[in-house]
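Q: Below is one structure. I have some questions about it.
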Amino acid sequence: MTTTQDIHSPRFLAGDEFSIPTFRLLQQDGTLCEGAEAPELSREQALKIYHTMVATRVLDERMMAAQRQGRLSFYMQCTGEEAAVVGAAAALDDADMIMAQYREQGALVYRGFSYDEFMNQLFGNELDYGKGRQMPIHYGSRKLHYMTISSPLATQIPQAAGYAYGQKLAGEGHCTLCFFGEGAASEGDFHAALNMAAVHEVPVIFFCRNNGYAISTPSIEQFAADGVAPRAFGYRMHVIRVDGNDILAVLSATREARRIAVEQNKPVLIEAMSYRLAAHSSSDDPSGYRSKKEEAAWREKDPILRMQHWLIDQGWWNDDEEKALQESLRREVLETMKRAEKRPPPPLDSLVSDVYADVTPALQRQLDRLKAHVRQYPEAYPKGARSLDPDVKARDDDAEDAQGGK
């Protein structure tokens, strides 16, 4: 479908016509905006959402501190974007697929991913589902319908369109929600995915977290249009822009997006306007590209504080409960981190498993050469790698005994 009207003199559109308002329900003090109605939400559901947001914040703070101490090689925080991530996850059915980027740990927490499971992945130990083959924060859970994170930017977006097409064929009433940032929306995969989803009418929700920066590149230098949302018009796609720091607005918008996706087999684009309060990653220093004044202004809009105010207004939360929750979560994070650190890495032989049904002769030769190299140059390998070879482990143990177990 293309033109709907003929004209006989040139008439250009400048693009200014394509602007979208922002959907908001909660003010920063936790009260409803004038004329707004809160979505249906029980006390139990509201507290689960809030606990998840706080649990995600505590996990991020402790793990970033652990990275700075040299206990982790890398980390990425969700700080400031908890409402966008958790609110979207809370609107889904448990069997809906989530395809994340790398800042959506809150969705996993909401679905029941334990601190132990997070720690095992972060430290790449023997209990890590990925067997230590991924760098930290690349989580995944088959049982929780959360696709394993992939490092290349935006690859999950066309994958989500394809997965949702399969869900449409299966006809079981499920959808896929795909998270990504506004920086990823500048990749070609974004456009390919939206076009495929629109043409084939698949039940997918494209959820863009517009946090203002693609690493160090501000939005104003990424695109000239009114954000990401207007791009949906080019694909005749349902679209909404929402205040990403307003948990009730995100929940309400995503619930409706899911209804459209599942009942009508139509893709939906959601642009959640938020702000990345932390650095892009543990390798980034945001002071080089944004001001302290800007950060301070956004800290006043903290999504956790906004929901906390709303819960208190409902009579569902108080200061004593807040203190107890914070203390409990911090204690749990530290305990699980200590357990994960003590566990050994996966067996060396696992390097060549899960590729073929049986290890091929070529792979076996490579593994044998690696083991020989470890035996010959043990000092060139971390102790965790050396201890996976029985001969080297015995020598390491003898050396420790000789030094008094140090």
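Q: Charges on Cβ only, +1 for Lys and Arg, -1 for Asp and Glu, centred on the Cα centroid of the chain; of A272, V374, I220, which one is farthest towards the dipole's positive end?
A: The residue sitting most towards the positive pole is V374.
Q: Around R71, under 11 Å between beta carbons, what's the net of Lys plus Arg minus Asp minus Glu among the other residues?
A: Once positives and negatives cancel, what remains is +2.
Q: Looking at region 22-342, what % of its DSSP beta bridges pair antiparallel, to the nearest 5?
A: Of all bridge pairs located within region 22-342, approximately 15 percent are antiparallel.
Q: Using alpha carbon centroids, what distance separates region 68-143 and region 165-187, in Å?
A: Result: 18 Å between the Cα centres.
Q: Now for a different question. Out of region 1-65, which GluC sites (Glu not before Pro) are coil in DSSP terms and have no more than 10 other C-beta atoms within 10 Å?
A: Numbers: sites: E17, E34, E37, E40, E44, E61; in loops: E17, E34, E37, E40.
Passing sites in region 1-65 are E17, E34, E37, E40.
Q: Near the amide H of H238, under 5 Å away, which other amide H atoms are found, from residues 5 or more places off or on another chain, if H is placed in the peptide plane?
A: Excluding prolines and chain starts, which carry no amide H, the hits are L269.
Q: State the volume of the convex hull built on the alpha-carbon positions of region 1-76, expressed per residue in Å³ and rounded to an integer.
A: In region 1-76, the Cα convex hull volume per residue is 300 Å³.
Q: Treat every Asp and Glu Cβ in region 321-371 as -1 and every Lys and Arg Cβ as +1, leave all other atoms uncharged, and give the resulting dipole magnitude about the Cα centre to the nearest 20 debye.
A: 300 debye
Q: Can you compute the charge dipole magnitude of region 133-282 about its Cα centre, using +1 on each Lys and Arg Cβ and -1 on each Asp and Glu Cβ, nothing else charged? Give it in debye, rounded to the nearest 20.
A: Using only the charged Cβ atoms, the result is roughly 440 debye.
Q: Here's something else I'd like to know. Of F18, F190, F206, how do they rank once you tally other Cβ atoms within 10 Å and put the fewest first?
A: Fewest-to-most ranking of F18, F190, F206: F18, F190, F206.
Q: Something else now. Out of region 172-280, which trypsin sites (Lys or Arg not before Pro) are coil in DSSP terms and have no more than 16 other C-beta atoms within 10 Å?
A: The qualifying sites are R236.
Q: Shifting gears a bit: Restricting the count to DSSP beta bridges whose residues both fall in region 113-236, what percent are antiparallel, rounded to a multiple of 5?
A: Values: 3 of 9 bridges.
Here the share of antiparallel DSSP bridges comes out near 35 percent.
Q: Still on this structure, I have one more. Using only alpha-carbon positions, what ratio does the radius of gyration of region 47-185 give when scaled by 2.2 N^0.38 Å?
A: Rg over 2.2 N^0.38 Å, computed on Cα atoms: 1.03.
Q: Assigning unit charges at the beta carbon (Lys, Arg +1; Asp, Glu -1) and nothing else, what dipole magnitude in debye, to the nearest 20, does the chain show about its Cα centre?
A: Here the chain has a charge dipole of around 800 debye.
Q: In region 111-171, which trypsin sites (Lys or Arg not before Pro) are in a loop and have at most 11 other Cβ atoms within 10 Å, using DSSP for the loop call?
A: Here the sparse-neighbourhood loop sites are R142, K143.
Q: If I take every Cα pair under 8 Å that is 6 or more residues apart in region 1-131, average their sequence separation and divide by the length, what percent do I get for the relative contact order? Kindly include the intermediate steps, with their values, before the conclusion.
A: Numbers: 80 pairs, mean separation 22.7, N = 131.
Worked out over region 1-131, it gives 17 percent.
Q: Cα centroids of region 197-217 and region 289-309: how far apart, whole angstrom?
A: Using only Cα atoms to place each centre, the spacing works out to 23 Å.
Q: Then there's this: Can you pick out the pairs among K48/K131; K48/K266; K342/K383; K143/K338 whose Cα atoms lie more than 20 Å from each other? Don't jump to the answer; show the numbers that get you there.
A: Numbers: K48/K131 30 Å; K48/K266 29 Å; K342/K383 13 Å; K143/K338 25 Å.
Correct reply: K48/K131; K48/K266; K143/K338.
Q: Here is a further query. To the nearest 10 degrees, how steep is helix 303-314 against the longest Cα principal axis of the chain, on a 0 to 90 scale?
A: 70 degrees
Q: Using the C-alpha atoms of the chain, what convex hull volume per residue, in cubic angstrom, is computed?
A: 195 Å³
Q: Working from Cα positions, state the angle (0 to 90°, nearest 10) between the long axis of helix 319-342 and the longest principal axis of the chain.
A: The angle comes out at about 40 degrees.
Q: So what's the back-of-envelope 222 nm ellipticity for the chain, counting only DSSP H runs of four-plus at -39500 (n - 2.57) apiece and dividing by all residues, rounded to 500? Please report the intermediate quantities before stating the final value.
A: Values: 13 runs with 174 residues, N = 406.
For the chain, the value works out to -13500 deg cm²/dmol.
Every number here is computed from the coordinates shown, using simple stated rules; none is lab data. If you're wondering where the values come from, they're calculated on a predicted model, not measured in any experiment. All Cβ positions, even for glycine, are placed from backbone atoms using ideal geometry, and neighbour counts span all protein chains on display.
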